[in-house]
Structures are given as structure tokens and as C-alpha cells.
Ligand code: CP
Ligand code: NVA
């Protein structure tokens with residue numbers, strides 16, 4: 001597919017999950033993210049969204065997602081509008097389907113961070129502008145796009161057969177890494193205790209994708225099997241937003257699912273360590289590893305800006 005066709009094909013689309021994009025489209029977004037990163041670093045303007053407005057609906061807290069979307073929109077010449085769900089009528093029970101149709105009359109796109117994935121799907125079904133998933137309980141595709149950009153920067157552009165081991169709770173990050181990694185032919189190992197394995201629905205989708213691309217999805221309880229010769233080690237919090245009340249029982253169950261120097265020794269010599277942040281040092285990852293020479297977590301956080309600009313510039 002030519003670049004022009006690719007651009008046309010992406011306009012107006014929603015960004016709810018990487019499962020909805022072809023490998024070619026994802027690689028296009030990653031190449032565009034690299035291009036936009038160079039532009040930003042060289043202070044060269046790329047204002048393709050002049051006159052466009054993006055609404056940002058947040059039902060959960062955020063540092064990276066909020067700031068990178070707001071700054072990204074400004075850098076593209078557009079205008080970001082922060083909308084706290086508490087201040088919207090939606091927070092007082094106005095139906096999502098009404099909110100979707102009203103906001104479609106004012107805005108050129110919406111990014112939403114919320115709890116139920118089905119709420120984002122409903123918003124997308126009723127809106128006639130692009131809807132971008134800025135994290136749900138099920139998925140976090142913007143993070144994974146930035147993660148793939150980061151892996152390419154450190155490991156080269158061909159991710160086929162590369163081994164990524166995610167250690168910990170089978171949560172939204174685990175689901176999205178399986179899907180995004182499978183799309184690019186990676187081998188994704190998820191090591192979790194039996195009580196906190198990833199949801200079958202997303203495992204099945206990722207396995208189907210992996211079959212097409214020659215990738216591999218392995219779900220295991222064994223952190224050593226997962227991390228053996230891994231090219232990438234990935235951690236996320238044991239208790240995600242909305243699960244604060246379960247923090248103590250989760251800490252007990254997930255205690256051994258930590259990325260520390262011992263685990264690092266099992267991985268490939270040039271392993272990179274990733275974490276979507278915010279991190280809880282001493283829980284899912286040790287201070288030593290997070291601050292150590294293998295860690296690329298701040299490159300990863302920076303790439304949220306560049307990867308999301310690629311999404312915004314392509315979809316809107
Ligand atoms: N990784 C991530 O999404 O960070 P925030 O919760 O700060 O947006
Ligand atoms: N799993 C975490 C990711 C935060 C970016 C959460 O949902 O809270």
C-alpha cells in the first residue's frame with residue numbers, strides 16, 4: 001500500500017485497540033512517530049492540525065497521557081480541551097451515546113481514559129469523530145505504540161521473533177502488549193500467578209494474530225521460563241487504578257513477580273527494561289533495576305508524545 005493510501009485509510013478511524021490495525025498500518029504509525037520525534041528535536045514545526053480541537057476526557061488520574069496529548073496537540077497546531085469526567089454531565093449520568101453525538105458537533109477527536117472498555121466502544125459507536133483509547137481496564141494501546149517505538153529504537157526495526165517477558169498482573173498492559181507485540185511478530189511471554197492471569201478474551205485475540213504473523217503468545221506462572229534470554233523485560237503495577245482496595249491481597253499474590261537484579265541475569269545480556277510508569281519501587285520492580293543501565297523507562301515515557309502525535313496526525 002502506498003503512503004498516500006495509508007494516510008487516506010487511517011483518516012477518521014478510531015484508535016481503541018491495535019487489533020484493529022494491520023501490521024503495515026502500525027509500522028506506518030511507528031515510522032511517522034520517528035519522523036515527528038526528529039522534527040520536534042530539531043524544533044521544526046509540523047502543524048497539520050491547525051484549527052482542530054481534541055477533547056480529553058479523564059475518569060482516572062494521569063500524568064503522561066494527559067500532558068503528552070495536550071502538548072502533542074499544541075505541537076501539531078491544534079487545541080486540546082481537558083474535560084474532567086466529574087465536570088461533564090456524563091459524570092451526573094448523561095448517557096454516553098448522547099455525549100458522543102453532542103461532542104461530535106464541536107470537536108474533531110476525543111481521547112478518553114475510563115474504566116469499562118465497553119464505554120469507549122459505545123462512545124466510538126455513537127460519535128462520528130475519531131475516538132482514541134487513553135486507557136481502559138482492558139487495554140492501553142497508546143502506551144504500547146510508544147513501547148514498540150522504544151523497542152525499535154533500542155533493538156532495531158525488525159521485531160520478528162524478539163522475546164518480551166511481561167512479569168506481573170495480567171492487566172490492561174499485559175493485554176495490549178500481547179496484541180501489539182503479536183502484530184509485529186514478537187514472542188510475548190506473560191508470567192503471572194494463577195489468580196491474576198490475563199483475560200482469555202484478549203489472549204485468544206492475541207494468539208490468533210500471532211498465528212498470522214509468526215509471533216508467539218505464552219501464558220505462564222514461571223518467571224524464569226518467561227525471562228530466560230528475554231530481549232525485553234516489562235513491569236507494571238500490581239494494583240491498577242480502580243483496584244486500590246485489593247492492594248494488600250495483590251501484594252501477597254504477586255510478591256515473587258518482581259523485576260530485580262536476579263531476574264535480569266536470566267535475560268539476554270543486552271536486555272532492555274521497560275515500565276509504563278508510574279512505578280512502585282520495591283514492588284513490581286526494584287529501585288536498582290529501574291535506575292540501572294538496562295532501563296529505558298524515560299525514553300519510553302518520552303515516546304508517548306511522539307507516538308500519539310503520529311496517531312493524531314493520521315486519524316484527525
Ligand atoms: N503510562 C501512563 O499511561 O501514565 P499516566 O497514567 O501518567 O498517564
Ligand atoms: N495498569 C496500570 C497502567 C497505568 C498506566 C493501570 O491501569 O493503572
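Just so it is clear, none of the values below were taken in a lab; they were calculated from the coordinates. On a predicted model such as this, the values are computed, not experimentally measured, just so you know. Counting neighbours? That spans all protein chains shown, and the Cβs are built from the backbone with ideal geometry, glycine included.
Somewhere in the range 263-275, is a residue crowded, with 18+ Cβ neighbours inside 10 Å, within 30 Å of residue 61 (Cβ to Cβ), in contact (Cβ under 8 Å) with a residue 60 or more places away in the chain and within 16 Å of ligand 2 (Cβ to nearest atom)? Within the range 263-275, one or more residues are crowded, with 18+ Cβ neighbours inside 10 Å, within 30 Å of residue 61 (Cβ to Cβ), in contact (Cβ under 8 Å) with a residue 60 or more places away in the chain and within 16 Å of ligand 2 (Cβ to nearest atom). Within the range 94-136, the residues that satisfy the criterion of being surrounded by fewer than 20 Cβ atoms within 10 Å (Cβ to Cβ), in contact (Cβ under 8 Å) with a residue 60 or more places away in the chain and assigned to a loop (DSSP other than H, G, I, E, B) are 108, 115. Residue count for the range 276-316, restricted to those that are in a helix (DSSP H, G or I) and away from ligand 1 (no atom under 13 Å from the Cβ): 13. Where helices (runs of 4 or more DSSP H) fall wholly inside the range 170-265, the ranges with 3 or more residues that are more than 17 Å from the chain's Cα centre (by Cα) and closer than 20 Å to residue 290 by Cβ are 223-227, 247-254.
Of the residues contained in the range 293-311, none is found to be crowded, with 20+ Cβ neighbours inside 10 Å, farther than 16 Å from residue 177 by Cβ, more than 15 Å from the chain's Cα centre (by Cα) and within 16 Å of ligand 2 (Cβ to nearest atom).
Residues in the range 266-275 that are out of contact with any strand residue (DSSP E or B) (no Cβ under 7 Å at 6 or more places or on another chain) and not in a loop (DSSP other than H, G, I, E, B): 266 only.
For residue 183, indicate whether it is in contact with a strand residue (DSSP E or B) (Cβ under 8 Å, 6 or more places away or on another chain) and touching a residue at least 40 places away in the same chain (Cβ under 8 Å). So residue 183 does not fit the description; no. Highlighted here are the helices (runs of 4 or more DSSP H) found entirely within the range 1-93 that include at least 3 residues which are surrounded by fewer than 20 Cβ atoms within 10 Å (Cβ to Cβ) and within 21 Å of the chain's Cα centre (by Cα): 23-41, 64-75.
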